[in-house]
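S.K.: One structure coming up, written as structure tokens, with questions to follow.
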Amino acid sequence: MNFIGTYWSLLPPLVAMVLSLITKEVYSSLFVGIVLGAIFYCISAGTGFEGFITHLFDNTVGTGDDAQAYGLFNCLADKWNVGILVFMVILGTMVALTNKAGGSAAFGRWASKRVKSAVGAQIATLVLGLLIFIDDYFNCLTVGSVMRPITKRHNVSREKLAYLIDSTAAPVCVIAPISSWAAAIAGFCATGENGLALFCQAIPFNFYAFFSIFFILVIVLSKHDFAAMHKFNVTPATDEAETDHVGEVADAKMEATSSGISLKKLGKNGTVLDLVMPILLLIGCCVLGMIYSGGFFSPGETHMHFIDAFAASNASTGLVIGALSALILTIAWLVTRRVINFEDAMSCLIKGFEAMVPAMLILVLAWTLKSMTDSLGAATYVAQLMQGTSLQTLLPAVIFVVALFLALATGTSWGTFGILIPICVAVFPVGAPLRIISISACMAGAVCGDHISPISDTTIMASAGSGCKHVNHVSSQLPYAVTVASIAFVSYIVAGISQQWGMVTSGIVSWTFGLCAMAVTFFVLKKTGKLTRAASA
């Protein structure tokens, strides 16, 4: 029996997602999906039990440039994946440093005098998420570590914080011209044209990203939530894993007990600047790291444009270079100011790694599951289905749905971009409105699928940044994402039909329809009791 290139190829990630929601345990669910994928492959290839073990851990198919590596070991050895893991450890260390130095506690004290309500805490989280647009990984972990004590103080649950973080991570990065996402998408658009210019033209039609941000504002300001989130808001302080709440007295007591220092001395000299400076260093160094990896400082490239360097950058390499540089400068800053001694700074390396272990484990398993799905040809199967669609005006909506399910099943937006964007570029001629709208639909659908997928690295990091259980985050966020996705889907139908009148007219008509649909949807959900007033209000 052949499972490769058929609808069976979508079963392993589907099983993993369903199991994770039923069992509330993501590690074993991902592993079951991985094993199922390896079984399907060895049955199709006729390799038997030995082939199953090989494919599960370390299998290379093909030779030369066409060789494809699959399995757990290959995922761990992949340079891109290693870079992301190192980047996470460095970010975890940065968080531990700011905690140890008292910078986070100082910011918490400063913010507590200015943020007076749960709404204020959530708006502050939203604003900070919008400002950190360089990379979604950086966004998730930084916003989570900074805002977690403030939202907790105002009885905003960790699940609500995770939703706010997740909705201002990928959705913000995918509409920011200067971000790791813009660089990646520009590379996928490369066809002799300026890929970044295509990306920028597609931004106004990225309905899911914009509508997600607007929907957050509506939800926060109206003080309403879906039932899936409301149950966590009722008792926000009873969730587990109370360790690592930045700036909280409980943390300070644990630090004082474990290190033998006085509670009064913990973070005594720390100021808000000891939190702000590391964040600024991270942003600045990550930008420099990105353009460095894109060849901006290479010999003979003195006239290279900044944007071109960003478009040609390697996000994994650039972020590691930038984060490591920022870490060294942060340690020098804190030690020089005598806020923390060098020995304590080095101990934060271990703490940062320990804090990131759960998220890193899920990431590795998710990458391996994607590897199994790729070996079964799931992406190719979905792409072929899309190419068989004949109704041109409905293609943006179709592409949105296809990208959504592809990203949902594989857990990766960028992989979806790499598959579908070249198809969009090839199907439509240069200058055609449908070309731009379809690229936007692909980006929006991929972000939506990534947003709701329990095996998505961004979703995993949002859980890690907020400190909530991953399954709780996925289940509580789902109603919001599905609501916005439905509005975006219909908006793409309107955009596809109205594109014959020109890009500007199509944009105005589809945006007007989408915003009106959001207002009507919110009113209906509120009247029917689907949305209830949040306990933290």
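S.K.: Kindly report, to the nearest 10 Å², the accessible surface of residue 280 as traced by a 1.4 Å probe over protein heavy atoms only.
M.R.: Probe radius 1.4 Å; accessible area of residue 280 about 100 Å².
S.K.: Can you send over the solvent-accessible area of residue 163, 1.4 Å probe, protein chains only, in Å² to the nearest 10?
M.R.: Taking all protein chains as shown, residue 163 has close to 10 Å².
S.K.: Tell me the label-point distance for the pair residue 500, residue 523, using the 7 Å Cα-to-Cβ offset, in nm and rounded to one decimal.
M.R.: It works out to 3.0 nm between the two label points.
S.K.: Can you list residues whose amide H is under 5 Å from residue 224's amide H, if they're 5+ apart or on another chain and H is modeled 1.01 Å from N?
M.R.: HN-HN under 5 Å from residue 224: 534.
S.K.: Put a dot 7 Å past each Cα toward the Cβ at residue 222 and residue 364; how far apart are the dots in nm?
M.R.: Placing both labels 7 Å beyond Cα along the Cβ direction yields 4.4 nm.
S.K.: Using 0.36 nm per residue of separation minus the Cα-Cα distance, give me the extension gain between residue 25 and residue 342 in nm, one decimal.
M.R.: Residue separation times 0.36 nm, minus the Cα-Cα distance, leaves 110.2 nm.
S.K.: Ranked from the most accessible area to the least, with a 1.4 Å probe and all protein chains present, what is the order of 516, 173?
M.R.: If we order 516, 173 from most to least accessible, we get 516, 173.
S.K.: Taking 30 Å as the cut-off for C-alpha to C-alpha distance, list the pairs among 113/526; 116/469; 100/160 that go past it.
M.R.: Those over the limit are 113/526.
S.K.: May I ask you to rank 94, 503 by accessible area, largest first, using a 1.4 Å probe over the protein chains only?
M.R.: 503, 94
S.K.: Another question, if that's okay. Rounded, prolate or oblate: which one fits region 418-537, using the alpha carbon gyration tensor with axes a ≥ b ≥ c (rounded when a/c is under 1.5, else prolate when a/b beats b/c, else oblate)?
M.R.: Since a/c reaches 1.5 but b/c is at least a/b, the shape of region 418-537 is classed as oblate.
S.K.: Rolling a 1.4 Å sphere over the protein heavy atoms, what is the accessible area per residue of region 435-499, to the nearest Å²?
M.R.: 16
S.K.: What is the magnitude of the charge dipole of region 45-122 about its Cα centre, with +1 placed on the Cβ of each Lys and Arg, -1 on the Cβ of each Asp and Glu, and no other charges, expressed in debye to the nearest 20?
M.R.: Computed charge dipole of region 45-122: roughly 1200 debye.
S.K.: By its C-alpha gyration tensor, with a ≥ b ≥ c as the square roots of the eigenvalues, how is region 74-146 shaped: rounded for a/c under 1.5, else prolate for a/b larger than b/c, else oblate?
M.R.: Oblate.
S.K.: Can you find, among 27, 54, 97, the residue farthest towards the positive end of the dipole of region 1-131? Put +1 on the C-beta of Lys and Arg, -1 on that of Asp and Glu.
M.R.: 97
The values are calculated or read from the model by the stated rules, or taken from the named source; none is laboratory data. Keep in mind it's a predicted model, so treat the numbers as computed, not measured. Cβ: placed from backbone, ideal geometry, glycine included. Neighbour counts: every protein chain shown. Accessible surface is based on the protein model in full, side chains and every heavy atom, while ligands, DNA and RNA are left aside. Shrake-Rupley method; radii C 1.70, N 1.55, O 1.52, S 1.80 Å.
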